[in-house]
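Comments concern the structure below.
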Amino acid sequence: MKLTVILPDGKTFEKEYESPVTGEMVLKDLEEKPQYDILGCRLNNKNRRLTFPITEDGTLELTDLRDPYANMSYQASLTLLYLKAIHLVLGSEAKVTIANSLSKGLFTRIHIAVIRNETAEAIENKMRELVEQNIMITEDKFQREDALKLLKRLNMKTEAGLFETAEDLHSAYACSIDGDYNIFYVHTLPSTGYLRLFNIRRYRNGMLLRFPHPSDPSVVPPYEEQRMLYECFAEEAHWKSLMGVKYVADLNQKVLDNDYKDLIMLSEALHEKKIADIAGMIKENKKRIILIAGPSSSGKTTFAKRLCIQLRVIGLRPLYLGTDDYFVNRDEMIPDENGNLDFEGLSAVDTFLFETQMNDLLEGRKVDIPEFNFVTGEKEFGKHITSIDDSQPIVIEGIHGLNPKLTEDISDDQKFKIYISPLTQLHIDHHHRIPTTDARLLRRLVRDHRTRGRSAAVTLHSWPSVRAGEEVNIFPYNSEADVFFNSQCLYELAVLKKYAKPLLKEITQDQPEFAEAQRMLQFLKFFVSIEDDSVIANNSIVREFIGGSVLVG
């Protein structure tokens, strides 16, 4: 049997193997050890466990933590290990909720009276014991009816509710470490010995389960305090509870009962209230330079324009600008060592012109604001000559808005910084969160197809480079924000499903993006689709992506 083996660094070789062979066996047979731990594999572009028996010729791609599916497999397996250790330390009745991502890890709640540092230490030590023992992680695939029976037998009501409401969800994996079962929707790793890299840290009223980031799979990154992000998640959890939707099954039931329209209106009203509150803060503090930043598909443009409207409501007359118009002319950009132009970095912005014009505007001088022509790659002048009085704020939207270097020559007393991102607190079940990255990817996929005619394959192909740029240009500066705005709408994934699903299904198995498309299609199976989205307001952030917005074309 001949296999074409592809390593994570792109190296490829062909080799004859006796049938059957597994990914683990291929891995052990490698002459040169890969740079990072291998966690999974794809056989003919389909994700498989490393223990899957291969019996025919094909292409086997080995994956590490940088691969989205392998990353999720690591998190799922580590969660199972974490739960097992908690049950051994605190007893089998200890209940755990995986709440949300935080500080390059997962914020979790153990539902006991008091969380102590000693508790975190004991759990981490027990996890490391289990890793050293290299215990096999069993995995059995259950079809819908059998999965429901298992979940009811294990008294996992939330998980059972998902299967009862999501008709597209046909199967799940029942996985266990030494008899401690949980349900997952991705393959787990073969054994606990693969889970070497993690740490546990007590945080507020819970624990942080931390692990390597795809940017460097070899280490657990240094801890970073993210107080404002934590508070934003906590606020979202409060509103989610008030709206009666904690889990995806709750949302699904509202859709099935045709009772989702109130939820949509409540979500939109909450956004309007938050934006009005932020406008009030700006006026109260007499801020003049309003800087808005956030990762791709956060809804920055819609938010900025709605903020301008709220500022006008309270008597201010804001000037709206985008940093994209201050791009350096393309022929003036300096290529990197590989001859590539960096359009995402701060070096792509004419910061001198930007700061000069902002200071001139603050001083009441007339300026000629450029308009960047993306066809010619040059700034064009003479179209927007304007000035403002000393009561008018300038609202500026762009990915570098929170980078201190963009505005280092502008007085800090004048600035008000806003970070925006869709931080979803809707849970699939107690142990499965909804990744913010996946919510943003679906937004971008739908918008790119609608506004630029891009296929889902093109968007999926470019997404890793987008994410890499965010890690450098956006995320390091979110702590600079004066306020976080959560642009997520509780109902939106049920709306995005009907737009994204057919685009993802167009990707065929022979395309490189097929595996990632299948992962996203699996994610969408959790949701009952909202087919009639006419009730969504035409100024909604969701409209920026699905169309019909009066604020964004």
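Taken together, the values in this text are just the output of simple stated rules run on the coordinates, not laboratory data. The shown structure was predicted, so the numbers you read here are calculated from the model rather than taken from an experiment. Heads up, the Cβs are rebuilt from the backbone with ideal geometry, glycines too, and the neighbour counts pull from every protein chain shown.
About the centre of its Cα atoms, the chain shows a dipole size close to 1600 debye [charges on the beta carbon of Lys, Arg (+1) and Asp, Glu (-1) only; nearest 20 debye].
Figure legend: label point modelled 7 angstrom from the Cα of residue 510 along Cα→Cβ; no residues of region 1-32 have amide N under 14 Å from it. Rounded to the nearest Hz, the phi-derived 3J(HN,Hα) couplings of region 473-482 under the Karplus curve 6.51 cos²θ - 1.76 cosθ + 1.60 (θ = phi - 60°) are 9, 10, 4, x, 10, 5, 6, 6, 5, 7, where x marks glycine and proline. Antiparallel beta bridges, as assigned by DSSP with both residues in the chain, represent about 70 percent of the total such bridges.
Going from the residue with the fewest nearby Cβ atoms within 10 Å to the one with the most, 25, 72 rank 25, 72.
Placing dummy labels 7 Å off each Cα toward the beta-carbon, the span from residue 43 to residue 59 is 1.7 nm.
With the charge dipole of the chain set up from +1 on Lys and Arg Cβ and -1 on Asp and Glu Cβ about the Cα centre, the Cα lying farthest toward the positive end among the listed residues 504, 253, 182 is that of 253. Computed 3J(HN,Hα) for region 285-299, one whole-Hz value per residue from the Karplus formula 6.51 cos²θ - 1.76 cosθ + 1.60 where θ = phi - 60°, is 8, 6, 7, 10, 10, 9, 9, 10, 9, x, x, 4, 6, 7, x, glycine and proline marked x. At full extension, residue 412 and residue 171 could sit 81.3 nm farther apart than now, given 0.36 nm per residue minus the alpha carbon distance. Looking at the calculated P(r) for the chain, what percent of the C-alpha pair distances fall above 44 Å? Summing the P(r) of the chain above 44 Å gives 21 percent of all pairs. At R0 = 60 Å, how high is the FRET efficiency between residue 365 and residue 223 if r is their beta carbon distance? Nearest 0.05 is fine. Computed FRET efficiency for residue 365 and residue 223: 0.85.
Each label was represented as a point 7 Å from its Cα along the Cα-to-Cβ direction; for residue 392 and residue 93 these points are 6.7 nm apart. Amide hydrogen proximity for residue 138: with H placed 1.01 Å from N in the peptide plane, the residues at 5 or more positions away or on another chain lying under 5 Å are 176, 178. DSSP beta bridges fully contained in region 2-64 are about 75 percent antiparallel. Annotation: the antiparallel percentage among DSSP beta bridges lying fully within region 233-546 is about 35.
Since only 99, 411, 334 are under comparison, the one whose Cα sits farthest along the positive direction of the charge dipole of the chain, derived from C-beta charges on Lys, Arg, Asp and Glu, is 99. Taken about its Cα centre, region 443-522 carries a charge dipole of roughly 500 debye when the Cβ of each Lys and Arg holds +1 and the Cβ of each Asp and Glu holds -1.
The 3J(HN,Hα) values that the Karplus relation (6.51, -1.76, 1.60; θ = phi - 60°) gives for region 348-353 are, in residue order, 7, 9, 7, 5, 5, 5 Hz. Gly and Pro appear as x. State, to one decimal in nm, how far the label point of residue 258 lies from the label point of residue 465, with both points 7 Å from Cα in the Cβ direction. That separation, rounded to one decimal, is 4.8 nm.
The alpha carbon centroids of region 293-323 and region 356-377 are separated by 18 Å.
In degrees between 0 and 90, to the nearest 10, how far off the longest principal axis of the chain does helix 492-505 point, with axes built from Cα atoms? Taking the Cα atoms of the chain, the angle to 492-505 is about 70 degrees.
Working ranking of peptides 405-411, 168-174 by packing, defined as the average number of other Cβ atoms within 10 Å per residue, highest first, is 168-174, 405-411. Whole angstrom only: what separates the Cα centroid of region 417-473 from the Cα centroid of region 33-101? Spelled out, the Cα-based centre of one part sits 22 Å from the other. For the chain, averaging the sequence separation of C-alpha pairs within contact (under 8 Å, six or more residues apart) and dividing by the residue count gives a relative contact order of 15 percent. Averaging the sequence gap over all C-alpha pairs within less than 8 Å and six or more residues apart, then dividing by the number of residues, gives region 69-210 a relative contact order of 35 percent. The helix-only estimate of mean residue ellipticity at 222 nm for the chain, built from DSSP H runs of length n ≥ 4 each weighted as -39500 (n - 2.57), is -12000 deg cm²/dmol after division by the residue total.
Charges were assigned to the Cβ only: +1 to each Lys and Arg, -1 to each Asp and Glu. The resulting dipole of region 2-64 about its Cα centre is roughly 240 debye. Between amide H atoms placed 1.01 Å from N, distances below 5 Å from residue 39 occur with 63, 64, all of them 5 or more places distant or on a separate chain. Computed from Cα positions, the angle between helix 300-313 and the longest principal axis of the chain comes to roughly 40 degrees. Residues whose amide H lies under 5 Å from that of residue 420, counting only those 5 or more places away or on a different chain, are 293, 294, 485; hydrogens are built 1.01 Å from N in the peptide plane. Based on Cα contacts under 8 Å between residues 6+ apart, region 2-64 shows a relative contact order of 44 percent.
Straight-line cross-link partners of residue 366 among the aspartates and glutamates, defined as a Cα under 20 Å from its Cα and at least 8 positions apart when in the same chain: 325, 350, 355, 380, 389, 390, 409. Each peptide in 366-377, 534-545 was scored by the mean count of other Cβ atoms within 10 Å over its residues; highest first, the order is 534-545, 366-377.
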